[in-house]
Amino acid sequence: MGFNPLAEKGTPIENQFRNWTHLNVQPYNKQEVHPYSRTRGILMNGIEVEAVLFSHMFHRTTEDMELRRKLAMTRRIEQEQQKMVNWLIPGNESTIAVTLGYEQVAVDLTAWLARTEPDPYVKAALDFALLEDFDHLYRYSNLMEEISDQKPESVVGDYTEIFPGRPTYAEHRHPFDDVRKYYDKNSADILTKLHVLTIVAGEQQTMNFYMNVGNRSTERTARGLYQEIGMVEEEHVTHYGSLMDPRETWFERMVLHEYNECYMYYSCMESEVDGRVKVIWQQMLDDEIEHLRIACDLMKQYEKRDPQEFLPNELPQLTVFQSNKDYVREILASQVDLTGKETEYVKTDDLPKDFRYFEHQRIVNGDDIPSQSVIDAHIRSKGTDYRLETEGPHPVERMRSKESVVI
């Protein structure tokens, strides 16, 4: 029998408050940190931010004072957890380096979720956005070489390749074409529900990060790139968020949030290579086991339902960060030319000539596209774009040129 958070005893919630010294953790060493220790921290920060935002929204929809107090209690701890996790990032790590960490999260998390996703429609949604995040990593890597003396491979290691994906300029779709079909809450596999919650939290955190740091650069091209990719992150949050069944009740969602936090902290703990950080994941897991118990009790109290009706007896296959080079290349070779059309994906060349995609492209791209300009600038200064191709040439032949902007 595997790990079952419903059968474990967590830290009593009244014992979960920590002092400032405990919360103000020692950051990792940016020169020594394992790339996937960085990505785990970035992702779990996003998971905690999602937990806090969800709790605030739930709090605002009920007039039951007892429930509001219970939500406030758990939410305060979630805020403390978020501070500990996010404070692992050192102040001397540059914004562009952290940005590459965010995009490595997007690539290797999305690829893993797609590879293990049981629902074909949800897998297709993951594959679709994977190629866009992969391209973002390429654009930001070229920016890093232009504005700093740091090499992108010093952030991502040799785990994630860097070269063009679906070109960022082509990712700007009309809002109608980012709304997907949702899974059925009554028949969806628990892994599907957890995958969707995880990717929504991750993409939402990336969107929020770019919303807040994108204007910190003095370089106009850099500001433009963060702005352009930040708008694609809005598309991704809509894209993934629409996969959730809107018929789930607030209590179902609360239980799923807490279960997913147990699942993700256990996943992190099992694969973490930094012993000091692994202790933090264990502490968070112990906290979340108690949060899950509280959420289950509230569901029983208010809905007269036992969450064990839809939760498994043990955690499903864990989510881990690992290299996904072959998988990314496979999806890139077969799906690079896709775009959205309502709830499905089609080749751009198969769209009607008067389809709204083309008019939207004309409006937003105008006569200057930051994601193209940053590659142009790199080619002008260094003669070629920046790439990290460890497994051979680009899988799409027309994208192999390193001396011209990919159009």
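The values are calculated or read from the model by the stated rules, or taken from the named source; none is laboratory data. As the structure is a computational prediction, the values presented were derived from the model and not from experiment. Positions of Cβ are backbone-derived with ideal geometry, glycine not excepted, and every protein chain shown enters the neighbour counts. In case anyone asks, the SASA skips ligands and DNA or RNA and just uses the protein heavy atoms, side chains included. Shrake-Rupley method; radii C 1.70, N 1.55, O 1.52, S 1.80 Å.
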| said: Cβ contacts < 6 Å: first residue outside any helix (DSSP H, G or I) and of a type in the set (K, R), restricted to region 280-308; second residue crowded, with 18+ Cβ neighbours inside 10 Å and modelled with pLDDT of 95 or more, any location; separation 6+ or different chain. Result? | reply: R305/M299
| query | Restricting the first residue to region 68-87 and requiring it to be modelled with pLDDT of 95 or more, which pairs with a second residue that is surrounded by fewer than 17 Cβ atoms within 10 Å (Cβ to Cβ) and among the hydroxyl-bearing types (S, T, Y) meet a Cβ separation below 9 Å and a spacing of at least six or different chains? | reply | R68/T62; L71/T62
| query | Checking L194 against (1) more than 19 Å from D368 (Cβ to Cβ); (2) open to solvent by 20 Å² or more (accessible area, probe 1.4 Å); (3) part of a helix (DSSP H, G or I); (4) hydrophobic (A, V, I, L, M, F, W, C), which test does it fail? | reply | (2)
| query | Looking only at region 13-31, which residues are in a loop (DSSP other than H, G, I, E, B) and either in contact (Cβ under 8 Å) with a residue 40 or more places away in the chain or in contact with a strand residue (DSSP E or B) (Cβ under 7 Å, 6 or more places away or on another chain) (or both)? | reply | Q16, F17, R18, N24, V25, Q26, P27, Y28, N29, K30
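Results for (1) over 18 Å from I229 (Cα atoms); (2) at pLDDT below 95, shown as yes or no for each residue.
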| site | (1), (2) |
| --- | --- |
| G340 | no, no |
| D349 | yes, no |
| D354 | yes, no |
| Q361 | no, no |
| D367 | no, yes |
| request: For region 243-260, enumerate the residues that are surrounded by fewer than 23 Cβ atoms within 10 Å (Cβ to Cβ) and either closer than 30 Å to L143 by Cβ or of a type in the set (D, E) (or both). | output: D245, E248, E252
| field | Where S267 falls short, out of the listed (1) open to solvent by less than 10 Å² (accessible area, probe 1.4 Å); (2) farther than 14 Å from A51 by Cα; (3) more than 20 Å from the chain's Cα centre (by Cα) | value | (3)
| Do we find a residue being open to solvent by less than 50 Å² (accessible area, probe 1.4 Å) and not in a loop (DSSP other than H, G, I, E, B) anywhere in region 312-322? | no
| said: Within region 1-47, take every residue that is among the acidic types (D, E) and within 27 Å of L315 (Cβ to Cβ) and give me the one that is most open to solvent (accessible area, probe 1.4 Å). | reply: E14
| query | When you look at M44, is it under 22 Å from P12 (Cα atoms) and assigned to a helix (DSSP H, G or I), yes or no? | reply | yes
| request: Select, from R166, R139, the only residue that is among the basic types (K, R), farther than 26 Å from L311 by Cα, out of contact with any strand residue (DSSP E or B) (no Cβ under 8 Å at 6 or more places or on another chain) and open to solvent by less than 10 Å² (accessible area, probe 1.4 Å). | output: R139
| task | Determine, yes or no, whether S217 is of a type outside the set (A, V, I, L, M, F, W, C), closer than 20 Å to T110 by Cβ and open to solvent by 10 Å² or more (accessible area, probe 1.4 Å). | result | no
| For region 329-359, what are the residues that are open to solvent by 90 Å² or more (accessible area, probe 1.4 Å), under 16 Å from L131 (Cβ atoms) and of a type in the set (K, R)? | K347
| task | Output the number of residues of region 347-381 satisfying the condition of being without any contact (Cβ under 8 Å) to a residue 40 or more places away in the chain, part of a helix (DSSP H, G or I) and within 26 Å of A333 (Cα to Cα). | result | 5
| Are there any pairs with C-beta distances below 6 angstrom linking a residue in region 382-407 that is open to solvent by 40 Å² or more (accessible area, probe 1.4 Å) and in a loop (DSSP other than H, G, I, E, B) to a residue that is at pLDDT 95 or above and of a type in the set (F, W, Y), with the two at least 6 apart or on different chains, and if so which? | E389/F163
